[in-house]
Protein chains: 2
Amino acid sequence: MDETKNTPTGQVPTLADVARTAGVSTATVSRCLNLPDQVTEKTMRRVMEAVDRLGYSPNYSARALAANRTNTIGAIIPTMENAIFARGLQAFQEELHQSGCTLLVASSSYEEDLEEEQIKTLTARGADALLLIGYHRKPRVYEFLEKRKIPTLVAWAFDPEVSRLAVGFNNRAAMHELADLVMGAGHKRIGCISADTVSNDRARERAQGIRDSMSAAGLDPKMLQMVETAYSIENGEMAFHELMAHAEPPTVVMCGNDVLAVGALRAAAAMNLRVPEDVAITGFDDIELASVAPVPLTTVHVPHRRMGQFAAQALLDELNGKKPDSIELPTAIYRRSSF
Amino acid sequence: MDETKNTPTGQVPTLADVARTAGVSTATVSRCLNLPDQVTEKTMRRVMEAVDRLGYSPNYSARALAANRTNTIGAIIPTMENAIFARGLQAFQEELHQSGCTLLVASSSYEEDLEEEQIKTLTARGADALLLIGYHRKPRVYEFLEKRKIPTLVAWAFDPEVSRLAVGFNNRAAMHELADLVMGAGHKRIGCISADTVSNDRARERAQGIRDSMSAAGLDPKMLQMVETAYSIENGEMAFHELMAHAEPPTVVMCGNDVLAVGALRAAAAMNLRVPEDVAITGFDDIELASVAPVPLTTVHVPHRRMGQFAAQALLDELNGKKPDSIELPTAIYRRSSF
DNA sequence: AGGAAAAATGTAAGCGCTTACATTTTTCAT
DNA sequence: ATGAAAAATGTAAGCGCTTACATTTTTCCT
C-alpha cells in the first residue's frame, strides 16, 4: 500500500490529495466545499481547480461520521408498487434535492414489524429525519425515535388531536364528505372495500367516515357491509364479488382507494352490472388510474404533490431548528361517472 | 463533554460502550456482529446481551468508512412518477433486502445531465454498485464508473452487441414483433408516439423495431409518422391529435409506452374515433394501466418483477466476485382490444 | 502431562472528513 | 507607518468502526 505520497495515488482522490495539489491545508479545502464565504476568492479558485483536476468528490460516509449528520432523509412507505405514494414522494424528493438532501426510500409492505425494522435501518444509516405514513405504530417505536432525537413527520394523514408533526389530510372527514353525497343520492345499502383497519389508520379513518355519514343520515352504521383486503386490483375484484353475493347486496360500494375501486369496476363488468346504474362505485386518492378507468371514478382527490412539498419543507425546517406547524391539506371530491 | 466514562453516556451507544458493558474488546464486538462464527458462543451471548441492554445499533457511516463498503446499492431511474419502473424496482429491492443490502433510489427526470449528477452523488454516498436504465450515456460517465470500479448493471434493455452487464429485453425485437402483427393486419399508414429518441435508447430501439417491420413488409420506413414527446397521458393526447391532423392520418398509432397509449386512447375518444375500428392503438410495458384502460391495450408485456430479481442477483454476484452473465428476458405480446 | 497448532481475543492504526483552537495575514483607523 | 481587530488559514484531535497483527487461551496429539 502506498501511504502518503506527495502526488495523489492512483486511488480515489481524497480531500488530502486536493489539499496537497492546491497547496493548502485540509481544513481550507473543507471550508471551500462547505463554507465558501469563509475563504478568499483566490484560494477558492486554486482549490476548485485541484478538485476538477483530480475529479474529487467527497466521501459522504466520512463526512457523516465527522459532522454527525448525513443530509439524508428517510421515507418509509407501505409500498412502491402501486402509484399511491409515487407522486407525493417524487415531489418530496425534488424539494429535498433543492436543499442538497438525499432521499432514502424503504418500503414496509404494509407490515408493522417490517416498518419498525426499516426505521431502525434508516436511522442506523444516519437518516437525519424520517417521513412516515400515517400515525399508527407501536409506542416503543415513537420512544425510540424520541430517544434518538430523529425529527419525524407523519404524512398522508392529519389528526388535530395528535400533537405530532404531520402534513396530511383528514381521511375521516374526506370520506365523510363523499359518503354524504352518496347518502344524499338515496343509497341505503352501503358496501365498503377497505384495507386492513387494524394496523392501517388511514383505512380505519376512511371507513369511520362512512359510518359517520350513515349515522348522520339516520342509517345504522353497523349495517355497513365491509370487506377488508390488501390493496390490489385482484383483491378488489374478489371483494366486490363477495359483497354482491349477499342476499341484499349494496347499491353502492365505497372503496378505500382507487386501486380497489378499479378492481370493483372490473368485477362489475364481469357480472354485467352497469356502473353507476346498477351499482355505484367510489374510490379514494385520485391516482392516474381513477381518471382513465373504464368508468371514470368518482373519488377523493388528494393533493399529493403539495403534500410532498410541504412535508419536505416542514422536515427541513425542523432540522434547521425552526418549529414548523403541522399542515392539514384540503381534499376535494372529484365527481366523475362511477357514482 | 463527557469523554470515556466507564458507563455508557446518555448519548447514542457506540460499539465501545457495548464492549465495555460486555467486558470484551471492541474487536470482539465487531466480530460478533460481522463474523459470528469466529466467536465463542459464550462471548456471543454476553455481547448480545449488552447490545440489547443498551439498544445499540451500528453507525453505518463509521462502518462504511472503516470497511470501505456500504452494503448499499443505488438505482437511478428516469422517473418515479409513473408506474413503469415501480414494480421492477420493488422486486429489485426485495431481493436486495434478503441479502442485507439497502437500496438507494434517485431519479433523473429523463435528463442526461441530471443522471450524471445522480451517479456522482450515489457513488459519493458510497453505493457499492449501481443499477442504471438503458445503455445511453456519455462515455465519460462510463469511464468514471470504471475508474471508481463501481459495478454497474444496465436494466430495461439488452443489446447482445454490448459487453456491459445487463438484465433486460430487446426493445427493438419486441416492438418489431408487435409491429409485424400490425403489418399483418394490413395497416399501411403507421403512426408512432415516442419518447425523445436522442437520449433514450429504449425509445429509439422501439421506434427502430417498427421501421424494421415496415421494411420487411415492403413499406418505406421513412413513411413512419413519428411524434416525440415526454411520457405523460396529456402528452399522449396532444401527440395523437397532432398525428390525426395529417392529410393522411395513420390507421394505427403505435406508442412507445402504455402511458402515451392511454393518452392516445383518450384523445381518440374525444375525437369520437372508435378503437380499434377507426384507429388502432398499441402500447408498451404492460403496466397496470394497460389492462384497465377504457379500451384494454394491446401491448408488449415486460416481465418487470423477474427483471428486478435477476438484476439484483447479478449485481450481488458481481459484488461477491462472481462473474454473472447478462440476461435477456423474453417479452410477450398481450393482445387485448385496442388493436 | 507437555507442547505445537488452532481458535479466540486483544491492541491499535487507520478510514476521510469536520471543526475547535492556534497562528498567520490582511484590513483599517489613527 | 503602526498596531489592534478582523479575516483567512493551518494544526491536529477526533467521529465510530474494521482489521492486520500480536497475544492469550483452548484443543488435541503423542
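The values are calculated or read from the model by the stated rules, or taken from the named source; none is laboratory data. These numbers were taken from a predicted model, which means no experiment stands behind them. Note that each Cβ is placed from the backbone with ideal geometry, even for glycine, and that neighbours are counted across all protein chains shown. Please note that ligands, DNA and RNA were not included when accessible areas were found on the heavy atoms of the full protein model with its side chains. Shrake-Rupley method; radii C 1.70, N 1.55, O 1.52, S 1.80 Å.
Annotation note: Cβ proximity below 6 Å between a residue of the range A:137-150 that is more than 10 Å from chain B (Cβ to nearest Cβ) and a residue that is open to solvent by less than 40 Å² (accessible area, probe 1.4 Å) and not charged (D, E, K, R) (sequence gap 6+ or interchain) occurs for A:LEU145/A:THR152; A:ILE150/A:THR123; A:ILE150/A:LEU130.
Residues in the range A:95-106 that are at pLDDT below 90 and more than 7 Å from chain B (Cβ to nearest Cβ) were compared, and the one that is surrounded by the fewest Cβ atoms within 10 Å (Cβ to Cβ) is A:GLY100. Against the conditions (1) open to solvent by 60 Å² or more (accessible area, probe 1.4 Å); (2) assigned to a helix (DSSP H, G or I), A:GLY209 satisfies every one except (1). Just one of the listed residues (A:ASP113, A:ASP37) is among the acidic types (Asp, Glu) and within 16 Å of DNA strand C (Cβ to nearest atom), and it is A:ASP37. Among the residues making up the range A:49-61, those that are crowded, with 17+ Cβ neighbours inside 10 Å and assigned to a helix (DSSP H, G or I) are A:ALA50, A:VAL51, A:LEU54, A:TYR60, A:SER61. Can you name the residue in the range A:299-328 that is surrounded by fewer than 17 Cβ atoms within 10 Å (Cβ to Cβ) and in a loop (DSSP other than H, G, I, E, B) and, of all such residues, is farthest from the other protein chains (Cβ to nearest Cβ)? Result: A:ASP325.
Can you find a residue that is within 9 Å of DNA strand C (Cβ to nearest atom) and not hydrophobic (A, V, I, L, M, F, W, C) anywhere in the range B:66-86? Yes - at least one qualifying residue is present in the range B:66-86. Residues that are β-branched (Val, Ile, Thr), closer than 22 Å to A:ALA86 by Cβ and outside any helix (DSSP H, G or I): does the range A:116-132 have at least one? The answer is no, given that none of the residues of the range A:116-132 is β-branched (Val, Ile, Thr), closer than 22 Å to A:ALA86 by Cβ and outside any helix (DSSP H, G or I). Being β-branched (Val, Ile, Thr) and modelled with pLDDT of 90 or more holds for only one residue in B:THR79, B:THR9, B:THR28, and it is B:THR28. Which of the residues that make up the range A:32-47 are more than 24 Å from B:ALA64 (Cβ to Cβ) and open to solvent by 70 Å² or more (accessible area, probe 1.4 Å)? Correct list: A:LEU35, A:ASP37, A:GLN38, A:THR40, A:GLU41, A:LYS42, A:ARG45, A:ARG46. Restricting attention to the range B:244-282, the residues that are within 14 Å of chain A (Cβ to nearest Cβ) and acidic (Asp, Glu) add up to 1. If we scan the range B:80-89, do we find a residue that is in a strand (DSSP E or B) and more than 10 Å from every other protein chain (Cβ to nearest Cβ)? Within the range B:80-89 (the criterion being in a strand (DSSP E or B) and more than 10 Å from every other protein chain (Cβ to nearest Cβ)), the answer is no, since none of the residues qualifies. May I ask you to verify whether B:ASP285 is crowded, with 24+ Cβ neighbours inside 10 Å and either away from chain A (no Cβ under 12 Å) or within 24 Å of B:PRO330 (Cβ to Cβ) (or both)? Considered against the rule, which asks whether it is crowded, with 24+ Cβ neighbours inside 10 Å and either away from chain A (no Cβ under 12 Å) or within 24 Å of B:PRO330 (Cβ to Cβ) (or both), B:ASP285 comes out as yes. When the range A:112-126 is limited to residues that are more than 10 Å from chain B (Cβ to nearest Cβ) and without any contact (Cβ under 8 Å) to a residue 60 or more places away in the chain, the one that is farthest from A:ILE73 (Cα to Cα) turns out to be A:ASP113. Among (1) touching an Asp or Glu at 6+ places or on another chain (Cβ under 7 Å); (2) aliphatic (A, V, I, L, M); (3) buried (at least 21 other Cβ atoms within 10 Å of the Cβ), there is one condition A:VAL141 misses while meeting the rest; what is its number? Of the numbered conditions (1) touching an Asp or Glu at 6+ places or on another chain (Cβ under 7 Å); (2) aliphatic (A, V, I, L, M); (3) buried (at least 21 other Cβ atoms within 10 Å of the Cβ), the odd one out for A:VAL141 is (3). Taken residue by residue, the range A:281-289 has at least one member that is farther than 24 Å from A:MET226 by Cβ and in a helix (DSSP H, G or I). From the set of residues in the range B:20-68 that are within 11 Å of DNA strand D (Cβ to nearest atom) and touching a residue at least 24 places away in the same chain (Cβ under 8 Å), which is nearest to the other protein chains (Cβ to nearest Cβ)? Taking the candidates together, the pick is B:ALA64.
Here is a yes/no grid of residues against (1) over 30 Å from B:ARG335 (Cα atoms); (2) assigned by TED's automatic domain parsing to the domain that holds B:THR197; (3) modelled with pLDDT of 90 or more; (4) of a type in the set (A, V, I, L, M, F, W, C):
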residue	(1), (2), (3), (4)
B:ILE119	yes, no, yes, yes
B:ALA129	yes, no, yes, yes
B:TYR142	yes, no, yes, no
B:LYS147	yes, no, no, no
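Check the range B:165-186 and report whether any residue there is open to solvent by less than 10 Å² (accessible area, probe 1.4 Å) and free of Cβ contacts under 8 Å to residues at least 24 places away in the same chain. Looking for residues that are open to solvent by less than 10 Å² (accessible area, probe 1.4 Å) and free of Cβ contacts under 8 Å to residues at least 24 places away in the same chain, one finds none in the range B:165-186, hence no.
For the range B:49-62, the criterion of a residue being modelled with pLDDT of 90 or more and within 10 Å of DNA strand C (Cβ to nearest atom) is satisfied by at least one position.
When B:PRO296, B:PRO250 are checked against the criterion of being part of a loop (DSSP other than H, G, I, E, B), open to solvent by less than 10 Å² (accessible area, probe 1.4 Å), in contact (Cβ under 8 Å) with a residue 24 or more places away in the chain and in the same structural domain as B:HIS187 (by TED's automatic domain parsing), a single residue qualifies: B:PRO250.
The residues of the range B:71-80 that are under 16 Å from A:LEU122 (Cβ atoms) and surrounded by fewer than 23 Cβ atoms within 10 Å (Cβ to Cβ), listed by number, are B:ASN71, B:THR72. Can you find a residue in the range A:189-201 that is open to solvent by 40 Å² or more (accessible area, probe 1.4 Å), more than 22 Å from A:ARG335 (Cβ to Cβ) and assigned by TED's automatic domain parsing to the domain that holds A:LEU273? Yes, the range A:189-201 contains a residue that is open to solvent by 40 Å² or more (accessible area, probe 1.4 Å), more than 22 Å from A:ARG335 (Cβ to Cβ) and assigned by TED's automatic domain parsing to the domain that holds A:LEU273.
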